[in-house]
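Here's the structure, in structure tokens; my notes come after.
The values are calculated or read from the model by the stated rules, or taken from the named source; none is laboratory data. Just so we're clear, the structure is a prediction, and the values are computed from it rather than from any experiment. Cβ placement follows ideal geometry from the backbone for every residue including glycine, while neighbour counts extend to all protein chains displayed. Calculation scope for accessible area: heavy atoms of the full protein, side chains included, ligands and nucleic acids excluded. Shrake-Rupley method; radii C 1.70, N 1.55, O 1.52, S 1.80 Å.
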Amino acid sequence: MTPARGAACGKVILLGEHAVVHGTPAIAAGIERGAEATVIPAPEGRSSLHLAGIEHLPGEAKTPLCHAFAALLATFPDLPPVRITAESRLLPGGGLGSSAALGVAIARAAATFATSTGSATSVDAAQILAAAGAWERVFHGNPSGIDTTAAALGGCFLYTRAEGASPLALRHDVWLAVGSTGTSASTKSMVESVARLFERKPEVRDHTLPAITALVRNAALALEAGDLKGLGHLLDLNQMLLAGIFVSTEDLERMCLLAREAGALGAKLTGAGGGGSLIALLDARSDDDAARAAAPVLAAWRAAGYDGQLARIS
Ligand code: MEV
């Protein structure tokens, strides 16, 4: 039997991370690098997940991966024992949705396997999101769902917990330099630290959430109007608010500054922060423009010891 395959993209959050956990809107987009999974019938007669050459058995060991695998499998109750091999090309904890991409890729491969073996008649997008969501909750405790939605949908969309994704009709493609601080942080602990701050200081929550909501709504308009300068300014303001809730770091601030000095229209951390990745908006309207605009940003980061790459949002 040929293996069943599933794939998913990585993601960047353009604006609104953290606040989205508390019910406000955010904008996310899929990026090309992501994750892949293959499923075959289990030769050993019991399900196993093989990730980076290491075997994980559902429920046996007490690692989050085993628990996440068990939670995902539980959403396919009639699936026969399977051997799943998965790989992510995204840095774990790097802010680009590595665990969500893995969850969606594994859920898609399992769903394809389930339908091809007759243990399910059809599997729809909502079931894939439910399976990936069960996986993601083990790692992130209280995820908003934006990461798994981006991994499954790609494109660029406005998202709220209550309403899910509404695709944005971009005036034209958007090019970003995506930088990595080279360090990672646990999304779960970053989300918990913001929740604790909002509990301790409700006045910070009451200032931050409406301000981020306004930035996100304006950014959606800027994206649809093709107003890159306006969008860049909104990214910078969002970064200030994220620093105000203590999810930025010295590396992230330094990389944002380097990017702006090298001509980026705006820059901010993306994802949970505490390390991880940032995005810098390039003044570009074509692939050629983008390569030209990205070069000084990537060079400035490289000279300071950081990695980066070009990404297109379409
Ligand atoms: C992580 O990529 C985004 C956060 O807003 C968490 C979430 O929405 O689940 C920090």
For the chain, longest principal axis from Cα atoms; helix 98-116 axis from its Cα atoms; angle between them, nearest 10 degrees, is 40 degrees
Relative to the longest principal axis of the C-alpha atoms of the chain, give the angle of the C-alpha long axis of helix 187-200, reported between 0 and 90° and rounded to the nearest 10°. 60 degrees
If I take every Cα pair under 8 Å that is 6 or more residues apart in the range 165-314, average their sequence separation and divide by the length, what percent do I get for the relative contact order? 39 percent
With θ set to phi - 60°, apply the Karplus curve 6.51 cos²θ - 1.76 cosθ + 1.60 along the range 124-137 and write out the HN-Hα couplings as whole Hz, x wherever there is a Gly or Pro. 9, 4, 5, 5, 4, 5, 5, 5, 5, x, 5, 4, 5, 5
Would you work out which of 296, 212, 231 lies farthest towards the positive end of the dipole of the range 169-313? Charges go on Cβ: Lys and Arg +1, Asp and Glu -1. 212
So for the chain, what are the equivalent ellipsoid semi-axes in whole Å, largest first, each being the square root of 5 times an eigenvalue of the Cα gyration tensor? 34, 21, 18
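Quote the relative contact order of the chain in percent (integer), defining contacts as alpha-carbon pairs under 8 Å separated by 6+ residues. Can you show the working numbers first?
Details: 717 pairs, mean separation 69.5, N = 314.
Answer for the chain is 22 percent.
Under a point-charge model restricted to the Cβ atoms of Lys and Arg (+1) and Asp and Glu (-1), what is the dipole moment magnitude of the range 169-313 relative to its Cα centre, in debye to the nearest 20? Could you put the intermediate results ahead of the total?
Details: 15 positive and 17 negative charges, 45 e Å.
Computed charge dipole of the range 169-313: roughly 220 debye.
Averaging sequence separations of C-alpha pairs under 8 Å and six or more residues apart, then dividing by the length of the range 4-164, give the relative contact order as a whole percent. It would help to have the intermediate numbers written out before the result.
Working: 359 pairs, mean separation 55.2, N = 161.
Over the range 4-164, the number comes to 34 percent.
When the helix-only estimate is applied to the chain (DSSP H runs of n ≥ 4, each -39,500 (n - 2.57), divided by the residue count), what is the mean residue ellipticity at 222 nm, nearest 500 deg cm²/dmol? Before the final figure, lay out each step's value.
On the way: 9 runs with 138 residues, N = 314.
Value at 222 nm, helices only, nearest 500: -14500 deg cm²/dmol.
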Give me, ordered by chain and number, the residues 5 or more places off residue 249 or on other chains with an amide H under 5 Å from its own placed amide H. 274, 275
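Quick one: accessible area per residue over the chain, 1.4 Å probe, rounded to a whole number of Å²? If you can, show how the numbers build up before the last one.
Values: 13190 Å² over 314 residues.
Ligands and nucleic acids excluded, the figure is 42 Å² per residue.
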The summed charge of the residue 183 Cβ neighbourhood (under 13 Å; Lys/Arg +1, Asp/Glu -1) stands at -2
Percent of Cα-Cα pairs per 10 Å bin, from 0 to the last occupied bin, for the range 169-313, please list those. 12, 40, 34, 13, 1
Angle, helix 202-225 long axis vs. longest principal axis of the chain, Cα atoms, 0 to 90°, nearest 10? 90 degrees
Trypsin sites (Lys or Arg not before Pro) within the range 26-117: DSSP coil, no more than 12 neighbouring Cβ in 10 Å: 46, 62
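Could you state, as a whole-number percent, how many of the C-alpha pairs of the range 1-86 are farther apart than 17 Å?
Details: 2181 of 3655 pairs.
That fraction is 60 percent.
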Where the accessible area of the chain is counted over protein heavy atoms with a 1.4 Å probe, how much of it, in %, is carbon and sulfur? 54 percent
Which one of 185, 37, 259 has the biggest mean-square fluctuation once the chain is modelled by GNM with Cα springs under 10 Å? 185
Once the dipole of the range 56-148 is set up with Lys and Arg at +1 and Asp and Glu at -1 on Cβ about the Cα centre, which of 131, 117, 101 lies farthest towards its positive end? 101
With a 10 Å cut-off between alpha carbons and a GNM built on the chain, which of 300, 42, 105 moves the most? 42
Which residue, 21, 204, 178, tops the fluctuation ranking in a GNM of the chain built on C-alpha contacts under 10 Å? 204
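Does the range 17-150 classify as rounded, prolate or oblate by the C-alpha gyration tensor (a ≥ b ≥ c root eigenvalues; a/c under 1.5 gives rounded; else a/b over b/c gives prolate, otherwise oblate)?
Numbers: a/c = 1.80, a/b = 1.52, b/c = 1.19.
Taking the square roots of the gyration eigenvalues as a ≥ b ≥ c, the range 17-150 is prolate.
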Enumerate by residue number the GluC sites (Glu not before Pro) in the range 107-196 meeting two conditions: DSSP loop (anything except H, G, I, E, B), and at most 14 other Cβ atoms within 10 Å of the site's Cβ. 163
